[in-house]
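Report on the following structure.
The values are calculated or read from the model by the stated rules, or taken from the named source; none is laboratory data. Remember, predicted model here, so these are calculated numbers, not experimental data. Don't worry about glycine lacking a Cβ; one is built from the backbone with ideal geometry, like all the others, and counts go over all protein chains shown.
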Amino acid sequence: MPKEIKVLVCGAAGKMGKSVVKAVTAETGFKLVSAVDRRENPDIGKDIGIISGIDKVNVKLSGDLKEAISKTSPDVMVDFTMPEIVFTNTEISLKSGVRAVVGTTGMSKEDINELAKIAKQNGIGAVVAPNFAIGAVLMMRFAKDASKYFDNAEIIEFHGHKKLDAPSGTAIKTAELMTEARKEFGKDTIKGKETFPGARGSKGPGNLHIHSVRLPSLVAHQEVILAGLGQTLTIRHDSFDRTSFMPGVLMAIKKVMQIDHLIYGLENII
Ligand SMILES: NC(=O)c1ccc[n+]([C@@H]2O[C@H](COP(=O)([O-])OP(=O)(O)OC[C@H]3O[C@@H](n4cnc5c(N)ncnc54)[C@H](O)[C@@H]3O)[C@@H](O)[C@H]2O)c1
């Protein structure tokens, strides 16, 4: 392990990217060497410290991931971009010998499997996590445990109104984990009439209904409601601020230096 892990942040001018820039520059053992955003960003060429609302860090925002990798030789690329571009960015990174920590949501299972293959072929580490908040990971773990005892459950997730994908990566991951404990939920729920299509939410794995709320001011929140005879159990997690994700991101950057394959989900590294 090097004394300082050299980090490239992709999507650096976005909300999460700026938080990662602040976290990486504030923490010893990490060195921000590169910041990338989309080519059309009007701030390309400006110092990413200033863009992020901190002091100058002497790293200029670049519009070209490949060029940034070849110029700054990072150890790890951290991606918080968009569902349409995250696969390509991660592929570029892994094929260039740069480990990847990926927080961008919206990738399909096939995409993640393909990235796992590329990581293995190149003998290089990657961590892909739909939620870097430790509390959210515990919420998922508790929901999986509780699923052994309750045969009815629904998931409600709440995010800001600009989120591009629905349901959230966390809701999908929660549903997948819950179906490891119980194959099918809500067997006895009758199929009623939906006056407005979608009123009952989407049907995820194991017949779990998932409801996606999108409103301004929200960050990332989720409730799992489990129900049995005469009782319900509600497990809720709230990320009020993007700083909630940073301990998990820094942990993943350290972890990815020690592995030679892809790990999906923060629960597999805490
Ligand atoms: N895993 C987690 O814990 C977690 C937490 C919060 C958000 N997210 C996810 O992270 C992603 C980013 O969220 P956000 O709120 O920061 O969004 P955002 O829109 O504020 O930021 C995205 C950034 O990516 C940039 N971008 C777009 N195309 C690019 C390209 N080709 N190359 C480089 N940069 C590019 C955009 O210009 C923008 O600056 C979303 O998918 C979101 O769901 C994950």
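Of all residues in segment 89-117, none that is at positive phi has its Cβ atom under 7 Å from the Cβ atom of a residue that is surrounded by fewer than 16 Cβ atoms within 10 Å (Cβ to Cβ) and β-branched (Val, Ile, Thr), 6 or more apart or on another chain. You will find that of 177, 208, 215, the residue that is hydrophobic (A, V, I, L, M, F, W, C) and within 18 Å of the chain's Cα centre (by Cα) is 177 and no other.
Among the criteria (1) modelled with pLDDT under 95; (2) on the phi > 0 side of the Ramachandran plot, the one residue 268 does not fulfil is (2). When restricted to residues that are in contact with an Asp or Glu (Cβ under 7 Å, 6 or more places away or on another chain) and more than 15 Å from the ligand (Cβ to nearest atom), segment 116-147 contains 6. Restricting attention to segment 38-49, does a residue exist that is assigned by TED's automatic domain parsing to the domain that holds residue 83, of a type in the set (D, E, K, R) and closer than 20 Å to residue 245 by Cα? Looking through segment 38-49, none of the residues is assigned by TED's automatic domain parsing to the domain that holds residue 83, of a type in the set (D, E, K, R) and closer than 20 Å to residue 245 by Cα. Annotation: residue 81 fulfils all but one of (1) β-branched (Val, Ile, Thr); (2) within 15 Å of the ligand (Cβ to nearest atom); (3) closer than 19 Å to residue 263 by Cβ; the unmet one is (3).
Looking only at residues of segment 1-20 that are of a type in the set (Val, Ile, Thr) and within 16 Å of residue 72 (Cα to Cα), we find that the one that is farthest from the chain's Cα centre (by Cα) is 5. Pairs meeting the criteria (first residue in segment 26-54 and farther than 23 Å from residue 82 by Cβ, second residue away from the ligand (no atom under 14 Å from the Cβ) and assigned to a strand (DSSP E or B), beta carbons under 8 Å, at least 6 apart or on different chains) are 29/5; 30/5; 30/7; 31/5; 31/6; 31/7; 47/60. When segment 101-111 is limited to residues that are within 13 Å of the ligand (Cβ to nearest atom) and among the small types (Gly, Ala, Ser), the one that is farthest from residue 125 (Cα to Cα) turns out to be 106. Looking across segment 10-34, the residues that are basic (Lys, Arg) and either buried (at least 21 other Cβ atoms within 10 Å of the Cβ) or in a helix (DSSP H, G or I) (or both) come down to 15, 18, 22. Show the residue pairs that are 6+ apart or on different chains and have beta-carbon atoms under 7 Å apart, the first residue being within segment 154-174 and touching a residue at least 12 places away in the same chain (Cβ under 8 Å) and within 15 Å of residue 206 (Cα to Cα), the second being of a type in the set (Ser, Thr, Tyr) and in a helix (DSSP H, G or I). Final answer for the pair search is 155/174.
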